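The values are calculated or read from the model by the stated rules, or taken from the named source; none is laboratory data. All values derive from a computational prediction rather than experimental measurement. Cβ: placed from backbone, ideal geometry, glycine included. Neighbour counts: every protein chain shown. Heavy atoms of the whole protein, side chains included, go into the accessibility calculation; ligands, DNA and RNA do not. Shrake-Rupley method; radii C 1.70, N 1.55, O 1.52, S 1.80 Å.
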Amino acid sequence: MTKPVTLWGLPHSLYTGRARSYLRKQRIAYIERPPTQPDFAERILPAIGRAIIPVVELADGTIIQDTVDIIDYFERSGTAHGPVPHPAYPADARLLALAHLFEIYAVVGLTRHAMHYRWSYLGEQEAFLRHAFATGSDASRAEATMGRMHSYLPMLGVDAATIPAIEQSYHELLAHLDAHFEDYPFLLGASPSIADYAMFGPLFAHLGRDPVPLAIMQREAPHVFRWVERMHAPDLDSVDYPMPAPEFPDGDLPATLAPLLAQIGRELIPDLTDRLAFLRDYVAQHKPKVGDPVADKPHRRVIGTVETSFRDVAYTGGVQPYTFFLWQRLIDAGRHPEARALFAKHDLTALIDIDLPIRVERRDQIEVWG
């Protein structure tokens, strides 16, 4: 009998949700353990150099941190029973580029929504959150962790000026997603892709679980709520649709994607354009060397701040090299002619028709300059 992998994570963790959903969908046996257990500090922390989840520990002791690395490992290596049953990377070049677009939007865009609804409405859902953050821990540690998480809001662009735009964005996104999931069980057709796993992180752990945003989702977007349930199920859970579930056409993409792509473009392009300008200045000034860590210490994920905007509202945000890691994946996928044509049709060319001044890669559990 194959020994299950260990998933170090927590129920309310955004990125743990992505990894857990993938393991379930691919029928990979796992045991989930909280990072508060002594083994994590004794064995895992020294290996990854920072307190971060999720982490997957394989039966042979191999440690993998970050959801991209976790998914990519199993996509390459398969499961104990052979190849993964539902490959996360679409074979269609257009859909692959779209999958990477949703992946970066989930991190750059939806993390802001998730953190706003979790912490700006603390008074309305405090008991729920205190219970969640005390999982595997105690009240004092929960208090410290909650305080640290709350402190991230300004760097994510959550303030009095941006909050109305964030909430308008959430309602619009739910409406667009709900119309799409009425016809399709997953973002890119009949099976989940990295687009679904990426979007599931914030739309489950925060927006589909914390009481305030969950109530909005259930009230306004029942198809989105069903998709959240579907993504957490161990099978495709497509009972809502004809059998077999509908695939995307070979020609034009479904009309339900157009409003989603328009919203993503409106919210991503100004933000990423400003971050690109920052990166160019940073590279010219610091001249980072290939292979060097992107930050002086593994736990530091921000290398500066940038003046940017969200839906035309100005804010000062933190710059994470991990954003450029995800963006490079999108740019690489967007080089295919069919992907370029699709992005041009939806006014998204600005996201793929550029060159980053330096690559960001993942090596030894951290981001490094490539």
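Computed quantities for the displayed model
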| read-out | value |
| --- | --- |
| Condition broken by L45, with the remaining ones in (1) buried (at least 22 other Cβ atoms within 10 Å of the Cβ); (2) free of Cβ contacts under 8 Å to residues at least 40 places away in the same chain satisfied | (1) |
| Given (1) in contact (Cβ under 8 Å) with a residue 60 or more places away in the chain; (2) within 22 Å of S193 (Cβ to Cβ), index of the condition Y30 fails | (1) |
| Complete set of residues in region 8-41 that are closer than 17 Å to G208 by Cβ, among the small types (G, A, S) and in a loop (DSSP other than H, G, I, E, B) | G9, S13 |
| Residues of region 87-99 that turn out to be assigned to a helix (DSSP H, G or I) and either among the β-branched types (V, I, T) or open to solvent by 10 Å² or more (accessible area, probe 1.4 Å) (or both), as a count | 4 |
| One residue from V228, V212 being among the hydrophobic types (A, V, I, L, M, F, W, C) and over 20 Å from the mean Cα position of the chain (by Cα) | V212 |
| In region 317-370, the residues that are acidic (D, E) and outside any helix (DSSP H, G or I) | D347, D353, D355, E361, D364, E367 |
| Odd one out for F324, checked against (1) touching a helix residue (DSSP H, G or I) at 6+ places or on another chain (Cβ under 7 Å); (2) over 18 Å from K287 (Cα atoms) | (2) |
| Answer residue from region 106-155, given it is in contact with a strand residue (DSSP E or B) (Cβ under 9 Å, 6 or more places away or on another chain) and buried (at least 21 other Cβ atoms within 10 Å of the Cβ) and is modelled with the lowest pLDDT among those | G109 |
| Subset of region 1-19 [open to solvent by less than 10 Å² (accessible area, probe 1.4 Å) and either within 18 Å of A134 (Cα to Cα) or out of contact with any Phe, Trp or Tyr (no Cβ under 7 Å at 6 or more places or on another chain) (or both)] | W8, G9, T16, G17, A19 |
| Identity of the residue in region 267-292, part of a helix (DSSP H, G or I) and over 17 Å from W327 (Cβ atoms), that ends up most open to solvent (accessible area, probe 1.4 Å) | Q285 |
| Which numbered condition S191 misses (of (1) in contact (Cβ under 8 Å) with a residue 60 or more places away in the chain; (2) part of a helix (DSSP H, G or I); (3) closer than 25 Å to H100 by Cβ) | (2) |
| The listed residue being in contact with a Ser or Thr (Cβ under 6 Å, 6 or more places away or on another chain) and over 17 Å from Q365 (Cβ atoms), out of A93, A88, A59 | A88 |
| Identity of the residue in region 68-86, in contact (Cβ under 8 Å) with a residue 40 or more places away in the chain and either of a type in the set (F, W, Y) or within 20 Å of L236 (Cβ to Cβ) (or both), that ends up most open to solvent (accessible area, probe 1.4 Å) | H81 |
| Failed condition for D364, given (1) out of contact with any Leu (no Cβ under 8 Å at 6 or more places or on another chain); (2) surrounded by fewer than 20 Cβ atoms within 10 Å (Cβ to Cβ); (3) at pLDDT 95 or above; (4) not hydrophobic (A, V, I, L, M, F, W, C) | (3) |
| Meets criteria (of a type in the set (S, T, N, Q), open to solvent by less than 60 Å² (accessible area, probe 1.4 Å) and more than 20 Å from I64 (Cα to Cα)) for Q328 | yes |
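Residue-wise test of (1) on the phi < 0 side of the Ramachandran plot; (2) touching a Gly at 6+ places or on another chain (Cβ under 6 Å); (3) open to solvent by 20 Å² or more (accessible area, probe 1.4 Å).
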{"position": "Q168", "(1), (2), (3)": "yes, no, yes"}
{"position": "E172", "(1), (2), (3)": "yes, no, yes"}
{"position": "F181", "(1), (2), (3)": "yes, no, no"}
{"position": "P185", "(1), (2), (3)": "yes, no, no"}
{"position": "G189", "(1), (2), (3)": "no, no, no"}
{"position": "P192", "(1), (2), (3)": "yes, no, no"}
{"position": "L207", "(1), (2), (3)": "yes, no, no"}
{"position": "R219", "(1), (2), (3)": "yes, no, yes"}
{"position": "E229", "(1), (2), (3)": "yes, no, yes"}
